[in-house]
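Working notes, structure below.
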Amino acid sequence: MTKKELRKLYREKRNALPAAERGKLDDLLLIQFQQAAIPFIRSLFSYWPMEEQQEPNVHLFTDFMEFRNPELKVAYPRIDQLTGTMEAVTAGTETLFEKNSFGVYEPQGTAITEPGNLDMVFVPLLALDQQGYRVGYGKGFYDRFLADCRTDCLKIGFSYFEPVGQIRDKHEFDVPLNLCITPESVYVF
C-alpha cells in the first residue's frame, strides 16, 4: 500500500478504538517496552501524544525512562513552520506546553538539545512496515530531524497495530526505526 492509503486506513482503525480499549493497549505497549532490551540513556527526545489522533500514550514510556534514570534529560519537539524544521527543546517539570496550529503541544522553554546529542527518539507513526519504515502525518519533520541524529541514536515507534508487509512509495530520505513496540511484540529492524 502507499503512504496515503495507509495513512487513511490507520487513522480509521485508530479512531474505531474505544478509549477503554486504547487504555488497555497502552498498558500492553508499556509491558512490551519494559521487557525490551533498552539500554541506559542520558537524553531522550519524546513527544506529547495528540489525543484527537488517538495516539498511544507516550507519557507512560517517557515516565518509565525517567524512573529508570532520574537524571535523564527529556526534550520535546517545537516546529518552526517558516523553515519547515523541528528542534528539540529540553523540558522539565516546570516547563509550560502550548498547542500549536497542528494540534501538537510544544514546550515553551529555550534550552535546545542538538539532534547529535540525543541517545533515543520516540517517533510518532500511523503505520509501519516490516523493514521499519513508518507512515507519519505527511509533513516530513521527523525524517529531516532524524537525519541529523547520530547513527547510534535509538529510534523507537509505538503502534497499536502490527507492521504491514511493505510501504510501496518510500522516499530516499525516509529514516527507518530501530525498534517498534506493539501490544504483541517488539520488532527490531
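Scan the stretch 1-25 for residues that are assigned to a helix (DSSP H, G or I) and farther than 26 Å from residue 167 by Cα and jot them down. Within the stretch 1-25, 19, 20, 21, 23, 24 meet the criteria. Anything in the stretch 103-118 that is surrounded by 19 or more Cβ atoms within 10 Å (Cβ to Cβ), outside any strand (DSSP E or B) and either at pLDDT 95 or above or in contact with a strand residue (DSSP E or B) (Cβ under 6 Å, 6 or more places away or on another chain) (or both)? List them, or say none. Within the stretch 103-118, 115, 118 meet the criteria.
Residue count for the stretch 26-72 satisfying the condition of being in a helix (DSSP H, G or I), surrounded by 14 or more Cβ atoms within 10 Å (Cβ to Cβ), more than 12 Å from the chain's Cα centre (by Cα) and in contact (Cβ under 8 Å) with a residue 40 or more places away in the chain: 6. Screening 35, 54 for residues that are out of contact with any strand residue (DSSP E or B) (no Cβ under 6 Å at 6 or more places or on another chain) and within 18 Å of residue 99 (Cα to Cα) leaves exactly one candidate, 54.
Which of the residues belonging to the stretch 147-182 are farther than 23 Å from residue 5 by Cβ and either in contact with an Asp or Glu (Cβ under 9 Å, 6 or more places away or on another chain) or among the small types (Gly, Ala, Ser) (or both)?
147, 148, 150, 152, 153, 154 - these are the residues of the stretch 147-182 that are farther than 23 Å from residue 5 by Cβ and either in contact with an Asp or Glu (Cβ under 9 Å, 6 or more places away or on another chain) or among the small types (Gly, Ala, Ser) (or both).
Which members of the stretch 149-176 meet the condition of being surrounded by 18 or more Cβ atoms within 10 Å (Cβ to Cβ) and either under 17 Å from residue 41 (Cα atoms) or touching a His at 6+ places or on another chain (Cβ under 8 Å) (or both)? Once the filter is applied, which keeps residues that are surrounded by 18 or more Cβ atoms within 10 Å (Cβ to Cβ) and either under 17 Å from residue 41 (Cα atoms) or touching a His at 6+ places or on another chain (Cβ under 8 Å) (or both), the stretch 149-176 yields 149, 153, 154, 155, 156, 157.
Considered as a group, the residues in the stretch 73-89 that are more than 15 Å from residue 123 (Cα to Cα) and free of Cβ contacts under 8 Å to residues at least 40 places away in the same chain include one that is nearest to the chain's Cα centre (by Cα), and that residue is 89. Residues in the stretch 158-189 that are hydrophobic (A, V, I, L, M, F, W, C) and either at pLDDT below 95 or assigned to a loop (DSSP other than H, G, I, E, B) (or both): 161, 167, 173, 175, 177, 189.
The values are calculated or read from the model by the stated rules, or taken from the named source; none is laboratory data. Given the structure is predicted, the values throughout are model-derived calculations rather than measurements. No Cβ is skipped: glycine too gets one built from the backbone with ideal geometry, and neighbour counts run over all protein chains shown.
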